[in-house]
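Quick notes on the structure that follows.
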Amino acid sequence: MSGSRQDLYDSNMMRAAAIRSYSLFGESGELPDVLHCETIATRSSLHGWELEPHRHARLHQLLLLRQGGGSAWLESGRTPLRPRMLVNVPCGDVHAFSFTPGTQGWVVTLPDELVADLLARAGESRAVLDVAGTAAADAALVRVMAKIARESAGDSPGRTLVLRGLAAAALGLASRALSQQAPAAPDLAASNLLRRFEALLEAHVIEHWPVARYAQALSITPTHLSRLTRAATGQGASVLIEERLMREARRQLAFSSLPVKSVAYALGFADPAHFSRAFARAAGRSPRQFREALSDRR
């Protein structure tokens, strides 16, 4: 694994027994509100301003610092935080934070259904927002986040409609800021079929579906599916399936203290030895060596 990818796992956080999937605000069902907004201090101050590696299966988050700082650990690596910085955290991405005590700012949490609805016809913005990252927040985004905080706390007539509009503005401005500071995200959202394949892959990756089963679920042939993925990413469907499984393996090995055997079973492998061989093929080292290398860097 290259040094840039290994930076993904640099963290001074304690490794959890398993990567936590936090269920916030009724995440397992319907979000009880159109969105949720709270200050950074609301949750982080309860945990010593440290939030260990975790993810949210159905929630997209935008964080914006007004004052203070700290560090964010995203899947692209560690990023220092400073005032007027935006942090974009898509659904399912592992993330962790260490804030300077007294840091001020907002966390806006959006259900995936709302994000999908607002970005249904915004392919380029959706592709940018599907990748975790940070960017400098301009004055317009700061104002929109402040308006979301005020509107969310009130009960004025038309509140839901106003919050939906402000959420769309926040996502648009966040996409603009991220696209100006980061390389273009891989356009796996170039077509509806690719978007559906991506969703199926997230849902069934640990079930080890073959390409043919994904193709069947999409009502296309395996050849057609691989042609689509190769045109969009340069890789066939089978490679993307394997890469997604191995990315989950790296997450579990890096962010959890589960034994290698337990990681193998959690990822749907009946034989831990088979998992170790597959991981070594993908990463160039065994799962145990991978963990040892991470420990040496801490």
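Quick test for you: out of 101, 83, pick the one residue that is at pLDDT 95 or above, in contact with a strand residue (DSSP E or B) (Cβ under 7 Å, 6 or more places away or on another chain) and over 28 Å from residue 202 (Cβ atoms).
Values: 101 fails: in contact with a strand residue (DSSP E or B) (Cβ under 7 Å, 6 or more places away or on another chain).
Criteria check complete, one pass: 83.
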How many residues are over 12 Å from the mean Cα position of the chain (by Cα), crowded, with 19+ Cβ neighbours inside 10 Å and within 20 Å of residue 141 (Cα to Cα) if we restrict to segment 37-71? 5
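In the set 136, 122, which member is at pLDDT 90 or above and assigned by TED's automatic domain parsing to the domain that holds residue 37?
Details: 122 fails: at pLDDT 90 or above.
After ruling out the rest, the residue left standing is 136.
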Unmet requirement for residue 174, which otherwise passes all of (1) out of contact with any Leu (no Cβ under 9 Å at 6 or more places or on another chain); (2) at pLDDT 95 or above: (1)
Going through segment 49-75 in order, the residues found to be out of contact with any Leu (no Cβ under 7 Å at 6 or more places or on another chain) and at pLDDT below 95 are 50, 51, 52, 53, 54, 55, 57, 58, 73, 74
Any idea which of (1) at pLDDT 85 or above; (2) among the aliphatic types (A, V, I, L, M); (3) surrounded by fewer than 20 Cβ atoms within 10 Å (Cβ to Cβ); (4) touching a helix residue (DSSP H, G or I) at 6+ places or on another chain (Cβ under 6 Å) is the one residue 161 doesn't satisfy? (4)
First in segment 69-91 and aromatic (Phe, Trp, Tyr), second anywhere and buried (at least 19 other Cβ atoms within 10 Å of the Cβ) and part of a loop (DSSP other than H, G, I, E, B), Cβ under 7 Å, 6 or more apart: 73/11
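Given 57, 72, which one is out of contact with any His (no Cβ under 9 Å at 6 or more places or on another chain), farther than 21 Å from residue 147 by Cα and of a type in the set (Gly, Ala, Ser)? Reasoning before the result, please.
Details: 72 fails: out of contact with any His (no Cβ under 9 Å at 6 or more places or on another chain).
Criteria check complete, one pass: 57.
On the given criteria, is residue 94 of a type in the set (A, V, I, L, M, F, W, C) and modelled with pLDDT under 95?
On the way: of a type in the set (A, V, I, L, M, F, W, C): yes; modelled with pLDDT under 95: yes.
Answer is yes for this residue.
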Taking segment 190-222 and the residues there that are polar (S, T, N, Q) and farther than 29 Å from residue 275 by Cβ, the one that is modelled with the highest pLDDT would be 219
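A quick yes/no check of all residues on (1) of a type in the set (Ser, Thr, Tyr); (2) surrounded by 18 or more Cβ atoms within 10 Å (Cβ to Cβ); (3) under 26 Å from residue 126 (Cβ atoms); (4) outside the structural domain of residue 126 (by TED's automatic domain parsing):
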{"site": "198", "(1), (2), (3), (4)": "no, no, yes, yes"}
{"site": "203", "(1), (2), (3), (4)": "no, no, yes, yes"}
{"site": "211", "(1), (2), (3), (4)": "no, yes, yes, yes"}
{"site": "231", "(1), (2), (3), (4)": "no, no, yes, yes"}
{"site": "244", "(1), (2), (3), (4)": "no, no, yes, yes"}
{"site": "254", "(1), (2), (3), (4)": "no, yes, no, yes"}
{"site": "263", "(1), (2), (3), (4)": "no, yes, no, yes"}
{"site": "284", "(1), (2), (3), (4)": "no, no, no, yes"}
{"site": "287", "(1), (2), (3), (4)": "no, yes, no, yes"}
If a residue must be of a type in the set (Ser, Thr, Tyr) and crowded, with 19+ Cβ neighbours inside 10 Å, how many such residues does segment 77-104 contain? 2
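Scan segment 265-282 for residues that are in a helix (DSSP H, G or I) and either in contact (Cβ under 8 Å) with a residue 12 or more places away in the chain or not assigned by TED's automatic domain parsing to the domain that holds residue 209 (or both) and jot them down. Give the steps one after another, and end with the answer.
Kept after step one, since they are in a helix (DSSP H, G or I), are these residues of segment 265-282: 265-266, 272-282.
Selection gives 266, 272, 275, 276, 278, 279, 282.
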For segment 101-114, pairs from a residue that is more than 18 Å from residue 151 (Cα to Cα) to a residue that is at pLDDT below 95 and of a type in the set (D, E, K, R), with Cβ under 9 Å and 6 or more apart or across chains, are 112/58; 113/30; 113/58
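The values are calculated or read from the model by the stated rules, or taken from the named source; none is laboratory data. Source: prediction; values computed, not measured. For neighbour counting, all protein chains shown are included, and Cβ atoms are generated from backbone atoms with ideal geometry for every residue, glycine included.
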